[in-house]
Amino acid sequence: MSHSRTIARLPLLALALVAGACTGGPFDASGARAELRAARAVWQRERPAGYAYTVGRVCYCGQEVAGPVRVEVRGGQTVSVQPLGGQNLRPGAFDGLDTVEELFRAVEDAIEADPYQLSAGYDTERGHPLVLAVDYDRRVADEEGGFVVSDFTAIP
């Protein structure tokens, strides 16, 4: 099993966001909370009844937990989580990222963990999270984490 930084088949723009997200000094928790609240408000207004998206973890971990995967949600319930690229996925590996509400919760949990650095980005039209990059402790290597969302599609 490979434990190198794993990001497979995600758009280059999203990768650039993650790579540059955790640079600079400590993050502003109150600003991050305000951005999260604003994005959630947009999502509450604009969320479709059904949707699908691709998500991958940004971590020092194997593809069996990093993905990427294609998630489909209908009526607020996860319908499917399909690995992309033929990798074997550890059962339950994406349980915390398999709805937009779970993505918001992951961002909120990261903010509340009081990390050294955090950057989150949201879709301007629908409000759903697009990227989360977190460095929990500047003195520890290889504990950075996050996710990248791409190919969001509304499903009728």
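Each reported figure results from applying straightforward, stated rules to the coordinates on display, with no laboratory input. Given the structure is predicted, the values throughout are model-derived calculations rather than measurements. Here the Cβ positions follow ideal geometry from the backbone for every residue, glycine too, while neighbour counts run over all protein chains shown.
Can you give the FRET efficiency to the nearest 0.05 for Gln82 and Thr124, using r as the Cβ-Cβ distance and R₀ = 35 Å? Before the final figure, lay out the partial values.
On the way: r = 27 Å, r/R0 = 0.78.
Here the calculated transfer efficiency is 0.80.
In sequence order, what are the phi-derived ³J(HN,Hα) couplings for the stretch 73-85 according to the Karplus relation 6.51 cos²θ - 1.76 cosθ + 1.60 with θ = phi - 60°, rounded to whole Hz, with x for glycine and proline?
10, 9, x, x, 10, 5, 9, 7, 9, 10, x, 9, x
Rounded, prolate or oblate: pick one for the stretch 37-135, where a ≥ b ≥ c are the square roots of the eigenvalues of its C-alpha gyration tensor, a/c under 1.5 means rounded, and failing that, prolate if a/b is larger than b/c, else oblate.
Cα axes put the stretch 37-135 in the oblate bin.
For a footprinting-style exposure proxy, rank Phe147, Phe27 by other Cβ within 10 Å, fewest first.
On the way: Phe147 29, Phe27 21.
So the ranking, lowest neighbour count to highest, is Phe27, Phe147.
If you plug each phi of the stretch 107-121 into the Karplus form 6.51 cos²θ - 1.76 cosθ + 1.60 with θ = phi - 60°, what whole-Hz ³J(HN,Hα) values come out, in order, with x for Gly and Pro?
Those phi angles translate into 5, 4, 4, 5, 4, 5, 6, 6, x, 5, 9, 8, 9, 10, x Hz.
Given R₀ = 22 Å, what would the calculated FRET efficiency be for Ala29 paired with Arg105, taking r from the Cβ atoms and rounding to 0.05?
Details: r = 16 Å, r/R0 = 0.75.
That gives a FRET efficiency of 0.85.
Semi-axes of the equivalent ellipsoid of the stretch 71-118: what are they in whole Å, largest first, if each equals the square root of 5 times a C-alpha gyration tensor eigenvalue? Write down the numbers at each step before the final one.
Details: eigenvalues 114, 47, 12 Å².
After scaling each eigenvalue by five and taking roots: 24, 15, 8 Å.
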